[in-house]
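This report refers to the structure that appears directly beneath it.
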Amino acid sequence: MNSGPALVSILRQGSTLIASIHTALDDSELVRFRTDLVGQIGEHRCRGVIIDVAALDVIDSFAALTLRTIAEMARLRGARTVIVGIQPEVAFTMVRLGMGTGGIPTALDLEEGLALLTGGADGDRRRS
Amino acid sequence: MTPSQSAEDADLAGDSGRRLAGEDLTELLAIVRRVVGARVGSLPIAEDLVQETLTRVLAAAPSVDPGLLEPYAIVTAKNLVASMWRDDDRKRRNQHRAADLRAPESPEAQALIDEERSAMASALGRLDEHERALLIEHELRGTDTRTIAEEEGTTPGAVAARLSRSRARLRVEYVLGLDSGDPPTDRCRPVLLALSSADRRRQRELDAATHLFNCDFCGRLSEPLLARGQRQDGVLRIPIAADPDIVKARGSVRELAGRLGFSRTDLTVLATAVSELCRNIVRFAGSGELLVELLEEPRPGVRVTARDRGPGIADLEAALRDGVSTYGGLGLGLPGVRRLMDEFAITSEPGAGTTVTITIWGKDPTT
Amino acid sequence: MTQTTSGQHLLSELVAHLREHRTKLREEWAERIQQAHLLTAMTPQEMAAETTSVYDNYVEVLETGSVEALQHYARDLSERIIPRGVETHEVVGIVLLLRDVLARSLFEKYQRDFGLLNQVLDAYEPAANRIANTVAVSFVDERERVIRQQQDAIRELSTPVLPVRERLLILPIIGVLDSDRAKQLTEQLLAGIRRHRARVVVIDITGAPDVDEAVANHLVQTVDASRLMGASVIITGLSPKIAQTLVTIGVDLSKMNTIGDLQGGLEEAERLLGYAVTKKEDATLS
């Protein structure tokens, strides 16, 4: 099952973890991803987590729930989470389906996400 | 057979007949030529009719019992010849062919009328008197709808509507006659009729999809009836039994719908809805299946039916209720799916299973 | 069988006849078109060229039975004449006139033998109807395509996504919003956010007179979807009536960034983008 190309990658850069999802994940893969990521947040005592979902062409209720759960668990461990790379169609669909990211900050892409985590001004703009 | 004819046959077979062996096709072609030839001679229109017949038979071939193929071809050819009198149907499907469709007066046509009458006798016998009279007047005597309307003091539109209902019934009786078996349940005939007349609303009312799923008899007979109006190659069955199937299913649906030229947003919306439905199957029923149909009328569309024989949903209303939070209702994601789709229908029986049918329509076809 | 052979024989005789009298019949036809005041938008030269082409295509269909070439030509012709305001009835009219001109000439030729005339007409009529139908359908198809294209163009014009400066988009909504347009508008905005890497979007609805509940709902969805892509949304020009509608459908206005007018909205956008230095320091401190 795990012999193929990596479905996700989790890299550490300073006190930030960058998790990229490379392909569509099924529910059990999402659960494994969540476990791995949350484990590493604790292990590395990270202050920030960026999850890049640009490769996901569908974010359904379970995927959205998984992202929210990760952010919540990260928060409990003292780390802020930013979701980056949500595709335009996916964003529209998520909203119409009645799902959000439950207040997790989002950014256009990795670069913006890093800026959001490091820059105070940017962090402020998302109080709404 | 002249060389040019065989070249044409090969052409036809290569075009859409991959699933039929060459010799079957040759045999079928000969039969169809004979049937059509006996009725219209070899007027230029005859070749059109032969081709049209073969196109339909080939389209239906994968979903028709091989034994039914020959009778089906004959029926189709006869029906097509009969429908030469009514331009509406053909014009709609075949505008480029624009045949002349005046009432024939030649001796061949008279022979056809006689033969048609005997072949259709049993089917006609099962219609009620008004339907029978109307069909004979219009289809066999060639009286046009306006004249009939004037005689009856009604409108041509009303006559056309009645005609189309009567034809639908005639087709059902014809197919029932060919099968020489009585329908096993009371619902079979209404369901077949709704299919034959392509009456979507009625099909939904009767929950035809579920009936077809459960009733082998109708499943078989519905094919020739459906092959009439709808292409069959757009139907896809996807078994759903585990997590990875969900991802595969939404990929397949997206790919299939992509052929209709849906926008990226619509494809994403559809894939997301499919994902939710499949998850419910895996979580609550263990396994089930997805039926994906491409629709053509009145606009391009995709219909997905997700069904399982799981525990069912006891309180449908609660399952469909939209909560304030994301996880409102029973957490089946059904309110969201309903919001995403143009049409949404659900039936569920505790202990017997759940069927959810969703439809999304595209824009008007653009060239 | 014999009937067909004779039918085909008649058809080829007919084709020969029409070829032989091509010039005379074509001129007669052009004259009839003129008398009927059809295709007045065309110059005599164009008329001569097109009628010759149509005539030749017509005879070819009679000869080969294949309408493909004619169909192609009809599409092409339609494409050329539609922009000049030629109407469907004109196109159908000229083809029917040609049918008529040719039928008359057949009458003349075969009037001595009534039986033969009948057979000739029997062979001619179906093909002629088929031609008329082909041309009409091609024309209407083409016309519909042109109309659709124009509609799309108008739609796009009416929902422009304007990049004002780096990272800032303005979406002025002008005119009546229906659900279709609202959906299209959202799609364009979201695509625009990605293309321009926008951080802030100002949606100005001063120019939208009517916002019903469905559209208001859509507006909220647009705001939420933009946020998911990492852009903040400021709504300007919100009339009390529309604000009321939003509240009615359960929108928490305090969670929406609304500013009275576009000017104020732009100032707020610049503040969010950090162009106003003092504000940025404030924000860093908070």
Against the condition more than 10 Å from chain C (Cβ to nearest Cβ) and either of a type in the set (Phe, Trp, Tyr) or in contact with a Cys (Cβ under 7 Å, 6 or more places away or on another chain) (or both), how does A:PHE92 come out, does it pass? no
How many residues does region A:21-60 contain that are among the charged types (D, E, K, R) and closer than 20 Å to A:VAL90 by Cα? 6
Before we move on, is B:PHE344 of a type in the set (Phe, Trp, Tyr) and modelled with pLDDT of 90 or more? yes
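Inspect all residues belonging to region C:29-39 and state whether any of them is over 35 Å from the mean Cα position of the chain (by Cα), surrounded by fewer than 18 Cβ atoms within 10 Å (Cβ to Cβ) and either modelled with pLDDT of 85 or more or of a type in the set (Val, Ile, Thr) (or both). Break it down into steps so the answer makes sense when it comes.
The initial filter retains those residues of region C:29-39 that are over 35 Å from the mean Cα position of the chain (by Cα), namely none.
No, the conditions are met nowhere in region C:29-39.
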Apart from one, (1) under 30 Å from C:VAL137 (Cβ atoms); (2) modelled with pLDDT of 75 or more; (3) more than 21 Å from the chain's Cα centre (by Cα) all hold for B:GLY157; the odd one out is (2)
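Just to be sure before I move on: is C:THR52 more than 14 Å from chain B (Cβ to nearest Cβ), of a type in the set (Val, Ile, Thr) and not in a helix (DSSP H, G or I) in the structure I sent? Reasoning before the result, please.
On the way: more than 14 Å from chain B (Cβ to nearest Cβ): yes; of a type in the set (Val, Ile, Thr): yes; not in a helix (DSSP H, G or I): no.
No.
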Single unsatisfied condition, C:ARG167 versus (1) basic (Lys, Arg); (2) under 29 Å from the mean Cα position of the chain (by Cα); (3) closer than 30 Å to C:ARG199 by Cβ: (2)
C:ARG112 fails exactly one of (1) modelled with pLDDT of 85 or more; (2) part of a helix (DSSP H, G or I); (3) over 16 Å from C:TRP29 (Cβ atoms), namely (2)
With the requirement that a residue be more than 14 Å from every other protein chain (Cβ to nearest Cβ) and not β-branched (Val, Ile, Thr), what does region C:183-212 give you? C:ASP204, C:GLY207, C:ALA208, C:PRO209, C:ASP210, C:ASP212
Would you mention how many residues in region B:269-282 are out of contact with any Lys or Arg (no Cβ under 8 Å at 6 or more places or on another chain) and over 12 Å from B:ALA241 (Cβ atoms)? 5
Tell me which residues, restricted to region B:254-268, are touching a strand residue (DSSP E or B) at 6+ places or on another chain (Cβ under 8 Å), surrounded by 16 or more Cβ atoms within 10 Å (Cβ to Cβ) and not hydrophobic (A, V, I, L, M, F, W, C). B:ASP266
Are any of the residues in region A:22-43 touching an Asp or Glu at 6+ places or on another chain (Cβ under 8 Å), within 14 Å of chain B (Cβ to nearest Cβ), surrounded by fewer than 16 Cβ atoms within 10 Å (Cβ to Cβ) and free of Cβ contacts under 8 Å to residues at least 40 places away in the same chain? yes
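Per-residue answers, yes or no, for (1) in contact (Cβ under 8 Å) with a residue 24 or more places away in the chain; (2) of a type in the set (A, V, I, L, M, F, W, C); (3) crowded, with 19+ Cβ neighbours inside 10 Å:
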| position | (1), (2), (3) |
| --- | --- |
| B:ARG237 | yes, no, no |
| B:ALA242 | yes, yes, no |
| B:SER252 | yes, no, no |
| B:LEU270 | yes, yes, yes |
| B:VAL274 | yes, yes, yes |
| B:ASN280 | yes, no, yes |
| B:LEU291 | yes, yes, no |
| B:ASP315 | no, no, no |
| B:ALA318 | no, yes, no |
In the list C:THR278, C:THR236, C:THR284, which residue meets the criterion of being modelled with pLDDT of 85 or more and among the β-branched types (Val, Ile, Thr)? C:THR236
List every residue pair whose Cβ atoms lie under 7 Å apart, where the two residues are 6 or more positions apart in sequence or sit on different chains, the first residue falls within region C:239-258 and is in contact (Cβ under 8 Å) with a residue 60 or more places away in the chain and not assigned by TED's automatic domain parsing to the domain that holds C:ILE174, and the second residue, located anywhere, is aromatic (Phe, Trp, Tyr) and surrounded by fewer than 11 Cβ atoms within 10 Å (Cβ to Cβ). none
Read through the list (1) of a type outside the set (Phe, Trp, Tyr); (2) crowded, with 20+ Cβ neighbours inside 10 Å; (3) closer than 24 Å to B:ASP207 by Cα, then give the number of the only condition that B:ILE246 fails. (3)
Quick one: C:VAL220 ticks every box in (1) among the hydrophobic types (A, V, I, L, M, F, W, C); (2) in a helix (DSSP H, G or I); (3) more than 10 Å from chain A (Cβ to nearest Cβ) except a single one, so which number is it? (3)
Evaluate the following for C:LEU228: is it of a type in the set (A, V, I, L, M), without any contact (Cβ under 8 Å) to a residue 24 or more places away in the chain and either within 10 Å of chain A (Cβ to nearest Cβ) or surrounded by fewer than 24 Cβ atoms within 10 Å (Cβ to Cβ) (or both)? yes
Can you tell me which residue among B:THR355, B:THR359 is buried (at least 20 other Cβ atoms within 10 Å of the Cβ), modelled with pLDDT of 90 or more and assigned to a strand (DSSP E or B)? B:THR355
All-but-one check, C:GLU68 against (1) within 22 Å of C:ALA16 (Cα to Cα); (2) charged (D, E, K, R); (3) modelled with pLDDT of 85 or more, failing number (3)
Helices (runs of 4 or more DSSP H) within region B:160-258 that include 3 or more residues modelled with pLDDT of 80 or more: B:188-196, B:243-258
Scanning region A:110-128 for residues that are modelled with pLDDT under 90 and either part of a loop (DSSP other than H, G, I, E, B) or acidic (Asp, Glu) (or both) gives A:GLY119, A:ASP122, A:ASP124, A:ARG125, A:ARG126, A:ARG127, A:SER128
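The values are calculated or read from the model by the stated rules, or taken from the named source; none is laboratory data. This one's a predicted model, so the numbers in the text were calculated from it and none came from an experiment. Positions of Cβ are generated from backbone atoms using ideal geometry, with glycine treated the same way; all protein chains shown enter the neighbour counts.
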